[in-house]
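The values are calculated or read from the model by the stated rules, or taken from the named source; none is laboratory data. Values in this document were obtained by computation on a predicted structure and should not be read as measured data. Cβ placement follows ideal geometry from the backbone for every residue including glycine, while neighbour counts extend to all protein chains displayed.
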Amino acid sequence: MTDTATTAPPTGASDGPAAFPLAFRTTPSTAAKADAEREAILADPGFGKHFTDHMVEIIWTIADGWHDAAVVPYGPISLDPAASVLHYAQEIFEGLKAYRHADGSVWTFRPDMNALRLQRSAVRLALPQLPEEYFLESLRQLLAVDASWVPSAPETSLYLRPFMIASESFLGVRAAHKVDYRLIASPAGAYFHGGVTPVSIWLSTEYARAGRGGTGAAKTGGNYASSLLAQEDAYKQGCQQVLFLDSSEGKYLEELGGMNIFLVRHDGTLVTPSINGSILEGITRDSIIQLAKDRGHAVEERPIAIDEWRDGWASGEIVEAFACGTAAVVTPIAALKSKDFTIGDASTPAGEFTISIRQELTDIQYGRKPDHHDWMVRLA
Ligand code: PLP
Ligand code: COI
């Protein structure tokens, strides 16, 4: 574990004239929730329904780089109707969580990976790269005022949502010269109703999520907008998530609308789609690969044909499937439904590996087990 709560941010990172460290201005909210109201929310937070009292903003302009860093009361954002994000969707975001440990301290998981992925997404969306230290400092600054919003009940957390939008007002199509970075936070219980109950997923053969040379590897709103119709199909089929195939052949597994996917073979080998430029490089995915290798499991990152899953499930070669992501953590997949076939059924129980890897990952995140990879970073 890396305790950075008390360390001064390093100097030297810069992107434009603003010198680091940025001086954060803090304006305390005058409408902060009373303790009793906040505690009532934390007792049953759901996912993404409630927000903390403050948010962070940092402004970037082509002339001045990153500047005007502030912690301000949570509230609506004022945007000109011509702000380019509203027309051309120049937007990226991240998702990570803050976890309360038994001693009351607050930690987050591999935030450097989120900072670097935000930078990669920025490059793809022609947005400015936020220096990693600004990203980490924004987390620390928000937690400095809103740490009481980190719930302490088992398996709850504070979901952190950093995002960046093109805020310049003009209707020409080009990269914006004014951009806002913001960070909001939302107390979170389980992403799916029913907690870690296995889910059913719908295989979309009609819609693709991403194509070669597209934005599939970036965490950008447009990818999610284009997944919504397929997700609606999933709900109509009684499924909780949608699985996409590659767009060129419609043959290989890519990922779910908001999660990566793993299959487990009967000999304990893990199989997951390779990072191919069109799926998100999940941080949970990467962590599971590491933890599985630590346990001595073989891990294959390679193209997986949908027929391999269907036939392997039928023959007993593939014994478990699960989805993973920050919001979903590790969620067992009970069934896969498509217009041509169904494998498994909603009553298929969670597999042994799925349960144990979820336990191991959350034990690290909640500070219940040693963090051998130095993944945890203290925020408050
Ligand atoms: N794939 C997509 C499309 C996602 O939205 C997410 C969630 O962030 C993931 C995969 C998993 O990524 P991570 O484990 O970094 O949260
Ligand atoms: C996350 O897991 O952080 C995501 O962004 C995915 C979304 C389904 C909430």
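A compact table of results
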{"read-out": "Region 76-117 - residue that is more than 16 Å from ligand 1 (Cβ to nearest atom) and among the polar types (S, T, N, Q) and, of those, farthest from residue 154 (Cα to Cα)", "value": "84"}
{"read-out": "Unmet criterion (only one of (1) closer than 18 Å to residue 24 by Cα; (2) part of a strand (DSSP E or B); (3) not aliphatic (A, V, I, L, M)) for residue 140", "value": "(2)"}
{"read-out": "Residue within region 107-116 that is over 24 Å from residue 284 (Cβ atoms) and at pLDDT 95 or above present", "value": "no"}
{"read-out": "Meets criteria (out of contact with any strand residue (DSSP E or B) (no Cβ under 9 Å at 6 or more places or on another chain), surrounded by fewer than 22 Cβ atoms within 10 Å (Cβ to Cβ) and of a type outside the set (A, V, I, L, M)) for residue 168", "value": "no"}
{"read-out": "Test: residue in region 241-258 that is surrounded by 15 or more Cβ atoms within 10 Å (Cβ to Cβ), over 17 Å from the mean Cα position of the chain (by Cα), of a type in the set (Val, Ile, Thr) and within 16 Å of ligand 2 (Cβ to nearest atom)", "value": "no"}
{"read-out": "Those residues of region 187-216 which are modelled with pLDDT of 95 or more, within 15 Å of ligand 1 (Cβ to nearest atom) and surrounded by fewer than 19 Cβ atoms within 10 Å (Cβ to Cβ), in sequence order", "value": "207, 214"}
{"read-out": "Members of region 235-275 that are within 15 Å of ligand 1 (Cβ to nearest atom) and over 24 Å from residue 319 (Cβ atoms)", "value": "246, 247, 257, 258, 275"}
{"read-out": "Among the residues listed as 307, 340, 294, the single one being within 27 Å of residue 156 (Cα to Cα) and surrounded by fewer than 19 Cβ atoms within 10 Å (Cβ to Cβ)", "value": "294"}
{"read-out": "Matching helices (runs of 4 or more DSSP H) fully within region 29-135 where at least 2 residues are under 20 Å from residue 221 (Cα atoms) and touching a Ser or Thr at 6+ places or on another chain (Cβ under 8 Å)", "value": "84-88, 111-124"}
{"read-out": "Residue 92 of a type in the set (Val, Ile, Thr) and touching an Asp or Glu at 6+ places or on another chain (Cβ under 7 Å)", "value": "no"}
{"read-out": "Matching option when the condition is of a type outside the set (Val, Ile, Thr) and within 24 Å of residue 364 (Cα to Cα), among 277, 344, 257, 268", "value": "268"}
{"read-out": "Residue among 292, 328 that alone is within 16 Å of ligand 1 (Cβ to nearest atom), over 21 Å from residue 214 (Cα atoms) and either free of Cβ contacts under 8 Å to residues at least 12 places away in the same chain or touching a Phe, Trp or Tyr at 6+ places or on another chain (Cβ under 6 Å) (or both)", "value": "328"}
{"read-out": "Candidate set: region 229-240, residues that are assigned to a helix (DSSP H, G or I) and touching a residue at least 12 places away in the same chain (Cβ under 8 Å); chosen: the one surrounded by the fewest Cβ atoms within 10 Å (Cβ to Cβ)", "value": "229"}
{"read-out": "Which listed residue, of 201, 184, is more than 16 Å from residue 50 (Cα to Cα), assigned to a strand (DSSP E or B) and within 16 Å of ligand 2 (Cβ to nearest atom)", "value": "201"}
{"read-out": "Options 321, 350, 328, 334: the member that is under 15 Å from residue 269 (Cβ atoms) and under 26 Å from the mean Cα position of the chain (by Cα)", "value": "321"}
{"read-out": "Set 219, 178: member being modelled with pLDDT of 95 or more, within 16 Å of ligand 2 (Cβ to nearest atom), among the charged types (D, E, K, R) and crowded, with 18+ Cβ neighbours inside 10 Å", "value": "219"}
{"read-out": "Lone qualifier among 102, 18, 23 - being at pLDDT below 95 and surrounded by fewer than 17 Cβ atoms within 10 Å (Cβ to Cβ)", "value": "23"}
{"read-out": "Pairs, first in the same structural domain as residue 111 (by TED's automatic domain parsing) in region 135-149, second surrounded by fewer than 20 Cβ atoms within 10 Å (Cβ to Cβ) and among the aromatic types (Phe, Trp, Tyr), C-beta under 6 Å, six or more apart", "value": "141/24"}
